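The values are calculated or read from the model by the stated rules, or taken from the named source; none is laboratory data. Note that the coordinates shown come from a computational prediction; the quantities given were computed from them, not determined experimentally. Positions of Cβ are backbone-derived with ideal geometry, glycine not excepted, and every protein chain shown enters the neighbour counts. Calculation scope for accessible area: heavy atoms of the full protein, side chains included, ligands and nucleic acids excluded. Shrake-Rupley method; radii C 1.70, N 1.55, O 1.52, S 1.80 Å.
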Amino acid sequence: MDDETKAKLLDKYKEERKEEVKTKALLPLKNAEKGKVVMRFAPNPNGPPTLGSARGIIVNGEYAKMYDGKFILRFDDTDPRTKRPMLEAYDWYVEDCKWLGYEPDEIIYASKRIPIYYEYVEKLLKMEKAYPCFCSKEEFKKFRDKGVECPHRDTDGEKALEIWQEMLDGKYKEGEVVIRIKTDMKHKDPAIRDWVAFRIIYESHPLVKDSFHVYPTLDFESAIEDHLNGVTHIIRGKDLIDSERRQRFIYKYFGWEYPITKHWGRVKIHEFGKLSTSGIRKDIEAGKYSGWDDPRLPTLKALRRRGFEAEAIKNFFISLGVSENDVAVSMKNLYAENRKIVDAKANRYFFVWNPVEVRIEGVEAKEVKIPLNPNDANRFRVLKGSDTVYITKDDFEMFKEGEIFRLKDFCNIRLIDKANRKTEFVSYELGEVKKGKNIIHWLPKNDTIPCVVLGFEKYEGLAEKNVLDDVGNVVQFERFAFCRLEKFDGEELVAIYAHP
RNA sequence: GCUCCGGUGGUGUAGCCCGGCCAAUCAUUCCGGCCUUUCGAGCCGGCGACCCGGGUUCAAAUCCCGGCCGGAGCACCA
């Protein structure tokens, strides 16, 4: 790109930046040209996609959309041991990308393209920009720390290729030899000094089985792929910030242009402690969680099960932006985003947890019509008001004898005998009871279904029968929370707690 | 220890590159009010921030230096 177009782009970038401030969108991308942007999201599928993955999918996918560009999903699955991929997880990533609204234009499996990486390392070997190194990890660390070149560094190209061939032929044991990229052993940042590009691992790979035993490291694989795919911008976590400086050496040797990079900091979500994929896996195996979609987990499967809208997750991450600061954020922000979407369409129902039976003296049974959604005056559900109702224990305990409270949309009653849970009818009209905490929800004695709500805590109780019209949907249990009704087996309704 | 990065209300975030329009944006939380019926929803309103110290300048959140605090990398992991 020449200086003039660069300057033009920069001006445009500044203008867009100003405009974007008002709207809810990602800040414009540096040097991005409509139609020419290529973004990628490159996970290792060693577990299911989580909220963290969602950030990668959304930020990269969204930029691709903003600039009518291309979005690539690439599986960086080149370690069959330490970061062993999980076969089912490949599809999970594809599904979740689609669910979030970013269907990949292309899907790349690094493990299937290992021969391509071989071609490039052979070139580097021949150019003497890479070399086989027989140092042990510990030995090499000493050289690295001292900034001294190791004895294998000046192996000539011919010999290097010979050794490489022997590696491929299986003549070496694991750990005996690796291929290193020449950088600069005196580079002021020790993290950059001659890094490993290939190592030997005799382990069957979940996807490509026993096809290879010489595997590239992330830095090598990623460097080659980004160039081959014409990736223009890389946005990822700041843990990979040094990758750029390492990989730039390869780009320099081949005369390629490195993509523009941007990094985000660590995200800590208050509600989920420290959760590692391997830790969760153990807990699932131990029975602590029901599976990867356990509603207490930060996986996208779990969030979807709880009824979160993809749009809400998107807005949540867009609001975090892309800054290198570490953020500690609360799920309350996600809840707020989801509520904005779901509030208008979620039907309202009564769910009485820890039900307490209460008798009402002097009331006449009568059907009451209650709006399904307060914003919609035309849709109703019907409850059969009767002389015996259930209310939640939390409410019951709050009231004192003599106090009047209202069963929402039914009638006002006075508590006369708390020990025997007896009340008396006062009136039907809203009248006496104004608003607020004296209006509670309730259920008629003989017209309910058992309902269990699964979430960070488990709630057991009763729900009105009308909910059966909404199985599969997100509803609001009034004065409780938004929940997704998962299934009804004829006996009991299972709902998943979404958020207040 | 070595290298790099960052610090704006309780929490995120915009502004910083190109100093003045910033007595600082937006969202969320919290608090208060409203709602012929959710005080665990909704609607309206309010409180609340430029890490500290120097310097440059007519002018600093913005530039420079130092300090403090936080983070990342220094793997034959990604």
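Quick notes
- In the range A:330-344, residue farthest from residue A:271 (Cα to Cα) [restricted to those that are of a type in the set (S, T, N, Q) and within 9 Å of RNA strand B (Cβ to nearest atom)]: A:333
- If the condition is being more than 9 Å from RNA strand B (Cβ to nearest atom), over 31 Å from the mean Cα position of the chain (by Cα) and open to solvent by 40 Å² or more (accessible area, probe 1.4 Å), then the range A:183-205 contributes A:184, A:186, A:202.
- Boolean, residue A:394 is open to solvent by 40 Å² or more (accessible area, probe 1.4 Å), near RNA strand B (Cβ under 10 Å from one of its atoms), in a loop (DSSP other than H, G, I, E, B) and under 25 Å from residue A:483 (Cβ atoms): no
- One residue stands out in the range A:222-243 among those that are open to solvent by 30 Å² or more (accessible area, probe 1.4 Å) and either aliphatic (A, V, I, L, M) or within 11 Å of RNA strand B (Cβ to nearest atom) (or both): the one that is farthest from the chain's Cα centre (by Cα), namely A:228.
- Inclusion of residue A:275 among residues that are open to solvent by 30 Å² or more (accessible area, probe 1.4 Å), within 15 Å of RNA strand B (Cβ to nearest atom) and either closer than 24 Å to residue A:457 by Cβ or of a type in the set (Val, Ile, Thr) (or both) is warranted.
- Matching residues in the range A:139-148 - criterion: being more than 9 Å from RNA strand B (Cβ to nearest atom) and either among the polar types (S, T, N, Q) or open to solvent by 70 Å² or more (accessible area, probe 1.4 Å) (or both): A:142, A:146
- None of A:406, A:414, A:381 is over 20 Å from residue A:475 (Cα atoms), within 14 Å of RNA strand B (Cβ to nearest atom) and not aliphatic (A, V, I, L, M) except A:406.
- Selected residue (criterion: nearest to RNA strand B (Cβ to nearest atom)) from residues of the range A:109-138 that are of a type in the set (Lys, Arg) and surrounded by fewer than 17 Cβ atoms within 10 Å (Cβ to Cβ): A:137
- Of all residues making up the range A:401-416, the number that are more than 19 Å from residue A:445 (Cα to Cα), open to solvent by less than 60 Å² (accessible area, probe 1.4 Å) and not in a loop (DSSP other than H, G, I, E, B): 1
- Some residue of the range A:430-442 being within 13 Å of RNA strand B (Cβ to nearest atom), in a loop (DSSP other than H, G, I, E, B) and modelled with pLDDT of 90 or more: yes
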